[in-house]
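**Student:** Sharing a structure, written as structure tokens. Questions coming.
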């Protein structure tokens with residue numbers, strides 16, 4: 001196993017955790033780096049930190065929020081729709097006052113085209129890498145240098161369908177990467193054409209790059225898009241559709257005067273950086289200073305005084321969002337009272353059993369989706385602001401400095417003076433049947449840990465561990481979690497670090513049982529009494545594939561591996577679980593788990 005410093009133990013106080021965060025956890029709040037590169041390793045440039053850069057002062061609310069284009073099949077394979085989506089480099093205007101920005105995307109789009117699929121109807125997708133040999137951003141070649149051949153030509157990519165209940169060979173493994181035209185392939189590469197069975201509840205899924213050690217850069221460059229899974233039952237609910245259904249991916253970026261993307265290539269001295277670090281260095285987290293919604297910076301969204309369905313996705317690298325619609329005076333830039341509330345109808349894994357009106361703000365960690373209805377009928381002619389009050393270093397910040405303050409203004413919403421003469425759409429009182437996973441039916445209780453340490457350069461790293469090794473394992477250590485197909489497990493995730501982490505499991509969707517303080521948690525005792533826990537938040541009901549674990553907290557989730565009461569499907573093989581703050585995932589907060597065949601299938 002790779003050497004690293006031990007993590008903070010459970011005895012550390014919450015105050016000390018926060019102080020540690022303030023001293024070392026703040027990493028990169030605006031990007032920097034320019035140019036191309038003669039290989040994946042990036043251009044030879046002077047290392048840049050957050051202190052070297054701030055984005056230009058752009059006029060807000062100029063550009064309308066675009067809607068992602070739709071992907072179309074290019075043919076069929078085995079009688080099923082077949083898609084070819086090409087990863088390429090192109091120029092796209094992020095703001096009317098900026099020159100075109102060089103970005104990466106799928107089929108010339110950032111974000112990529114939306115794939116619309118039907119429950120129970122499989123599709124094939126070939127994710128074709130046509131990226132240049134030179135990377136858009138500088139690459140730290142010390143990240144997993146024992147696993148990654150940095151001297152090969154071309155950029156490594158592999159696409160993961162986030163939220164997909166799919167076969168292991170099509171999961172987009174971190175080590176299943178490939179370069180242009182599949183010239184070079186990683187050790188876990190299995191097939192060119194991915195098979196998505198779509199045998200799961202309708203939901204807002206998304207696809208994004210997942211190549212080991214470089215995911216943060218590939219996603220930041222633009223490699224992500226929506227994947228919407230539908231069925232007849234959902235259509236019959238009468239939820240807003242067509243022009244009244246809008247996917248919105250919220251990201252943060254940092255931009256130079258010439259329009260180019262900026263991403264830091266060094267850790268600043270006041271955040272622990274020094275001459276002992278590699279010249280181009282990974283940073284612990286990234287927080288940009290410009291909100292980008294569907295590929296536009298500081299945009300405005302025009303709506304009618306009707307009910308809309310927003311499919312929200314936090315597609316940022318590290319930033320949390322705490323969202324609320326507020327009344328807004330565009331002339332003064334001042335916010336007023338609360339606007340229309342979010343009525344959540346679905347989250348990561350699909351529809352909730354019944355709608356939940358969000359009282360106040362909607363929290364979204366990286367990778368999480370929120371399917372919400374918003375009724376604008378009482379706000380005709382008014383201007384609203386989608387407002388965020390989540391600071392960077394979420395629930396780990398020690399002050400309200402310029403570096404940690406929220407990226408507060410996300411998108412302006414213009415409500416037209418009048419709409420159709422019809423009554424606004426109402427959300428049904430019942431949406432779908434979500435069967436409960438019951439704590440008393442579990443076959444295994446796993447005690448898992450989130451930990452921090454450092455590498456040989458003294459840089460912060462994050463790790464995942466378990467009861468046997470709470471300080472964490474390296475990515476390439478042997479698999480330690482091996483659930484059996486058909487089993488139900490509780491995963492208790494204890495956060496020994498100084499900040500919140502959005503934890504994601506591939507393949508499966510889980511239900512949140514509840515939370516408790518780390519000081520009350522006994523990792524030597526199996527079994528959980530949900531009634532003794534802090535209840536899940538309303539937006540955590542139903543099926544989730546990302547859950548937030550706050551500092552000094554334990555979150556208990558229950559997960560079934562395989563088909564459950566007619567939902568999902570049976571899959572075995574190796575998958576990943578990881579923090580979805582992408583800088584953490586890259587270094588080293590990601591681990592494999594392996595779903596084993598059931599005992600009665602072991603001889604087949």
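The values are calculated or read from the model by the stated rules, or taken from the named source; none is laboratory data. Being a predicted model, the structure only gives us computed values, none of them experimental. So basically every Cβ, Gly included, is an ideal-geometry build from the backbone, and we count neighbours across all protein chains shown.
**Student:** Before we move on, is residue 228 in a strand (DSSP E or B) and not assigned by TED's automatic domain parsing to the domain that holds residue 114?
**Tutor:** So residue 228 fails the test.
**Student:** So, one more: Of all residues being surrounded by fewer than 20 Cβ atoms within 10 Å (Cβ to Cβ) and touching a strand residue (DSSP E or B) at 6+ places or on another chain (Cβ under 6 Å) in segment 413-426, which is nearest to residue 61 (Cα to Cα)? Just the residue, please.
**Tutor:** 414
**Student:** Continuing with the same structure: So for segment 515-522 (the condition being under 17 Å from residue 438 (Cβ atoms) and in a strand (DSSP E or B)), does at least one residue qualify?
**Tutor:** no
**Student:** Of all residues in segment 359-373, which are within 21 Å of residue 326 (Cα to Cα) and in a loop (DSSP other than H, G, I, E, B)?
**Tutor:** Within segment 359-373, 359, 360, 361, 365 qualify.
**Student:** Scanning for something closer than 24 Å to residue 582 by Cα, modelled with pLDDT of 95 or more and crowded, with 19+ Cβ neighbours inside 10 Å, does segment 371-381 turn up at least one residue?
**Tutor:** Looking through segment 371-381, at least one residue is closer than 24 Å to residue 582 by Cα, modelled with pLDDT of 95 or more and crowded, with 19+ Cβ neighbours inside 10 Å.
**Student:** Output the residues belonging to segment 174-198 that are surrounded by fewer than 21 Cβ atoms within 10 Å (Cβ to Cβ) and either within 20 Å of residue 571 (Cβ to Cβ) or at pLDDT below 95 (or both).
**Tutor:** Passing the criteria: 188, 189, 190, 191, 192, 193, 195, 197.
**Student:** Take the residues in segment 540-572 that are surrounded by fewer than 20 Cβ atoms within 10 Å (Cβ to Cβ) and in contact with a strand residue (DSSP E or B) (Cβ under 7 Å, 6 or more places away or on another chain), then tell me which one is farthest from residue 363 (Cα to Cα).
**Tutor:** Checking each candidate, the answer is 572.
**Student:** Sticking with this structure for a sec: Which residues, taken from segment 199-220, are part of a helix (DSSP H, G or I) and either buried (at least 24 other Cβ atoms within 10 Å of the Cβ) or assigned by TED's automatic domain parsing to the domain that holds residue 314 (or both)?
**Tutor:** Answer for segment 199-220, where residues must be part of a helix (DSSP H, G or I) and either buried (at least 24 other Cβ atoms within 10 Å of the Cβ) or assigned by TED's automatic domain parsing to the domain that holds residue 314 (or both): 215, 216, 217, 218, 220.
**Student:** Could you say which residue among 112, 163, 120 is in the same structural domain as residue 216 (by TED's automatic domain parsing), closer than 26 Å to residue 245 by Cα and out of contact with any strand residue (DSSP E or B) (no Cβ under 6 Å at 6 or more places or on another chain)?
**Tutor:** 120
**Student:** From the list 91, 84, which residue is loosely packed, with under 15 Cβ neighbours inside 10 Å, more than 26 Å from residue 403 (Cβ to Cβ) and modelled with pLDDT of 95 or more?
**Tutor:** The conditions single out 91.
**Student:** What number of residues within segment 57-81 are part of a strand (DSSP E or B) and either modelled with pLDDT under 95 or surrounded by 15 or more Cβ atoms within 10 Å (Cβ to Cβ) (or both)?
**Tutor:** Here the count works out to 3.
**Student:** Here's a follow-up. Out of 123, 115, which single residue is over 19 Å from the mean Cα position of the chain (by Cα), closer than 28 Å to residue 232 by Cα and buried (at least 18 other Cβ atoms within 10 Å of the Cβ)?
**Tutor:** 123
**Student:** Give all pairs with beta carbons closer than 6 Å in which a residue from segment 386-407 that is in the same structural domain as residue 364 (by TED's automatic domain parsing) and on the phi > 0 side of the Ramachandran plot meets a residue that is at pLDDT below 95 and buried (at least 21 other Cβ atoms within 10 Å of the Cβ); count only pairs at least 6 apart in sequence or on separate chains.
**Tutor:** As it stands, the answer is 393/21; 393/25; 393/26, since those pairs meet every condition given.
**Student:** Filter the strands (runs of 3 or more DSSP E) completely within segment 97-173 down to those with at least 2 residues that are at pLDDT 95 or above and within 30 Å of residue 298 (Cα to Cα).
**Tutor:** Because the criterion is at least 2 residues that are at pLDDT 95 or above and within 30 Å of residue 298 (Cα to Cα), the strands (runs of 3 or more DSSP E) in segment 97-173 that meet it are 101-106, 112-118, 159-162.
**Student:** Name the residue that is farthest from the chain's Cα centre (by Cα), counting only residues in segment 146-160 that are crowded, with 24+ Cβ neighbours inside 10 Å and over 13 Å from residue 132 (Cα atoms).
**Tutor:** Among those residues, the one meeting the criterion is 158.
**Student:** Condition first: more than 18 Å from residue 450 (Cβ to Cβ) and in contact with a helix residue (DSSP H, G or I) (Cβ under 9 Å, 6 or more places away or on another chain). Can you find one or more residues in segment 541-555 that meet it?
**Tutor:** No: segment 541-555 contains no residue that is more than 18 Å from residue 450 (Cβ to Cβ) and in contact with a helix residue (DSSP H, G or I) (Cβ under 9 Å, 6 or more places away or on another chain).
**Student:** With respect to residue 499, determine if the residue is under 14 Å from residue 464 (Cβ atoms) and surrounded by 19 or more Cβ atoms within 10 Å (Cβ to Cβ).
**Tutor:** no
The rows are residues; the columns are (1) more than 28 Å from the chain's Cα centre (by Cα); (2) modelled with pLDDT of 95 or more; (3) not in a loop (DSSP other than H, G, I, E, B).
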{"residue": "386", "(1), (2), (3)": "no, yes, yes"}
{"residue": "412", "(1), (2), (3)": "no, yes, yes"}
{"residue": "426", "(1), (2), (3)": "yes, no, no"}
{"residue": "433", "(1), (2), (3)": "no, yes, no"}
{"residue": "445", "(1), (2), (3)": "no, yes, yes"}
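**Student:** Quickly run through segment 552-579 and pick out the residues that are assigned to a loop (DSSP other than H, G, I, E, B), in contact (Cβ under 8 Å) with a residue 12 or more places away in the chain and farther than 20 Å from residue 170 by Cβ.
**Tutor:** Result: 552, 565.
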